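Working notes for the structure below.
Read the figures in this text as sums done on the coordinates, not as results from a lab. Just so you know, these numbers come straight off a predicted model, no measurement behind them.
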Amino acid sequence: MEGITSTFGSDHILNLLQEVEGKLPDEKEKMLRSIDRYLSLPKGKKENFRLGKRTGVYQSVEDLSKPERGIRVERALQ
């Protein structure tokens, strides 16, 4: 697959990691970092993110660093 380039876009609202997008192979590492960031989360944080993403509280995994958003999702999880 040498010399082949492609563009990947996560353009559907139901995609969990919409931030995973880019040109392959140039942006492969950036895309994998986004996926790895989610996969490395503890189980509870993954649940929080999934619910928050599905309810429109979060747009990306980076939004987990915004405590005011996390509190809203935690309340819904309880």
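Values computed for the structure shown
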| item | result |
| --- | --- |
| Helix-only mean residue ellipticity at 222 nm for the chain, each DSSP H run of n ≥ 4 adding -39500 (n - 2.57), per residue, nearest 500 | -14000 deg cm²/dmol |
| Length added when fully stretched, Arg72-Ile13, from 0.36 nm per residue minus Cα-Cα | 19.2 nm |
| Label selected from (i) 131; (ii) 89; (iii) 115, the criterion being volume of the Cα convex hull per residue in Å³ as computed here | (ii) |
